[in-house]
């Protein structure tokens, strides 16, 4: 999708929210879990324009001081055993973990403050991505493809389409792996094709001193029907080291993946109308509304309530008394798990 300026952007943004509201209603109608009726805001909500935002004092994604005006790039990354080790994820400001078909997971890595030399394996987008991304304004979004029924949603979404189909020159195959686990992209080449991609803005995260209280924890394991990811506190590295399926989640660049803060966000997960070529239905993760969360930082767990009023707004995390649960400056992982038992479509 090429850059469109001025009133056309706002018109398309409004059309996007209207289309997604209708789409979300259809998705909920296909759900057999009694979840929320809609994961989208009312169609009257206007998508943010591409006009420059004020330069923040610290980066709203990681609390740091670098790359404050760098564009926002989100990339879908495979997260199954054949894809490991992954490239570029350690450079992301935010890493979302989302359930996909068959009970597996996939990552959406969000970059702004810095870019890796390459990122991947890049895989296809899912409907939950289109519900998460509007809070970033109009970011660049890189992915390898999309289910045919989803194409109209991608075309109308407030994002720059940097799929393999649209930005093929930025992608390359690695001979060391088999298809489909060998597709990578150069983030700088991707962003050259989205010169108007949104700059960082407030998405609800707050960074600073740790909240009072909390309970000491050494590790936490997130579970989905066919996958597990663990996070173990390293006092030496002052971050949570990730594991996949019980094994260290090693980065292709070296070291173990993981973040200074890990947010375990419990969100209602229902069945969408989309499915893969095997007939497995795609989960729809409802990331607007409110719910419970556990924020892991500094070797402690803090109970929190997450809140996101609409898709054009970010997600806040607060204690029972309403005070923000500050994150530790550095990379943030947002691990989206079903609110209840692991969701099986």
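The values are calculated or read from the model by the stated rules, or taken from the named source; none is laboratory data. Computed from a predicted model, the values in this text were never measured in an experiment. Cβ sites come from the backbone with ideal geometry, for glycine too, and all protein chains shown count toward neighbours.
Remarks
- Applying the condition of being in contact (Cβ under 8 Å) with a residue 40 or more places away in the chain and under 11 Å from the mean Cα position of the chain (by Cα) to segment 100-124 and asking which residue is surrounded by the most Cβ atoms within 10 Å (Cβ to Cβ) yields 111.
- Number of the exception - residue 170 against (1) out of contact with any strand residue (DSSP E or B) (no Cβ under 7 Å at 6 or more places or on another chain); (2) modelled with pLDDT of 95 or more; (3) crowded, with 17+ Cβ neighbours inside 10 Å: (1)
- Residue count for segment 128-152 under the criterion of being in contact with a strand residue (DSSP E or B) (Cβ under 8 Å, 6 or more places away or on another chain) and outside any helix (DSSP H, G or I): the result is 8.
- Qualifying residue in segment 153-164 (condition: loosely packed, with under 14 Cβ neighbours inside 10 Å and assigned to a loop (DSSP other than H, G, I, E, B)): no
- For first residues located in segment 144-157 and more than 17 Å from residue 273 (Cα to Cα), partners that are at pLDDT 95 or above and lie 6+ apart or on another chain with Cβ distances below 6 Å form the pairs 144/122; 144/123; 144/124; 144/164; 144/183; 145/124; 157/130.
- Boolean, residue 92 is under 22 Å from residue 241 (Cα atoms) and in contact with a strand residue (DSSP E or B) (Cβ under 6 Å, 6 or more places away or on another chain): yes
- At least 1 residues being touching a residue at least 12 places away in the same chain (Cβ under 8 Å) and at positive phi is the threshold, and among the strands (runs of 3 or more DSSP E) wholly inside segment 234-345 those reaching it are 289-297.
- Any chance residue 22 is out of contact with any strand residue (DSSP E or B) (no Cβ under 8 Å at 6 or more places or on another chain), in a helix (DSSP H, G or I), under 24 Å from residue 285 (Cβ atoms) and modelled with pLDDT under 50: yes
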